[in-house]
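Enquirer: Dropping the structure in here first, questions after.
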Amino acid sequence: MRQHDPTGVASEIRVTLVEAEEQNRRVSAATAQRAYEIFEQRGGAGWHELEDWRQAEKELGQPSCVGLTTEDHTMVVDVMECAFEPGTVELWVAPLQITISGRHLKAARHGASRDHTPAHLRTYRTISLHAAIDPRQAKVRYHNTLLEICLPLAQAREAAAAMNVA
């Protein structure tokens with residue numbers, strides 16, 4: 001889904017329905033790949049697996065400011081989007097969890113292509129939601145320097161459907 005970026009640059013944000021377990025599996029697979037890269041960079045010396053894993057988690061889970069509010073039967077997640085290279089942001093949505101992934105800005109400095117970005121040049125931010133949302137109705141837009149994700153609450157959709165039947 002193409003979103004409007006107020007800076008004048010159109011950015012592609014891919015929103016995909018992905019179950020929470022699959023989101024976690026994807027992030028874990030990326031972490032494992034990065035931990036193995038770290039292992040190889042150290043010359044393949046053993047006995048540092050936990051250190052490698054923790055370093056991989058730290059690199060992939062680059063901190064980003066996230067705000068979570070609920071307004072008018074919609075959960076709104078605001079994320080500082082400046083850490084991602086424009087056009088590389090993906091949003092995986094499930095009823096109780098979302099994961100935001102994007103190519104970290106430092107990837108461009110390393111000369112990595114968009115299609116073959118090493119695991120450590122992507123970041124992942126998984127957010128557990130406090131209420132079930134309707135993942136099919138997720139909407140994403142830029143709001144100044146923020147990536148704003150609007151997630152309609154599932155119970156609000158069900159209540160509206162019940163009112164239309166009555």
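Laboratory data are not the source of any read-out in this text; all were calculated from the coordinates shown. Please read all numbers here as calculations on a predicted model, not as lab measurements. Every residue, glycine among them, receives a Cβ derived from its backbone with ideal geometry; neighbour counts consider all protein chains shown.
Enquirer: Full-extension gain between ARG136 and GLU51, please, as 0.36 nm times their residue separation minus the C-alpha to C-alpha distance.
Expert: Going from the current span to full extension adds 26.7 nm.
Enquirer: Same structure again: Restricting attention to the stretch 25-81, which chymotrypsin sites (Phe, Trp or Tyr not before Pro) occupy a DSSP loop and are surrounded by at most 15 other Cβ atoms within 10 Å?
Expert: Those that pass, being in a loop and sparsely packed, are TRP47.
Enquirer: Given 0.36 nm per residue, what is the gain on full extension from THR126 to ASN24 after removing their alpha carbon distance, in nm?
Expert: 35.9 nm
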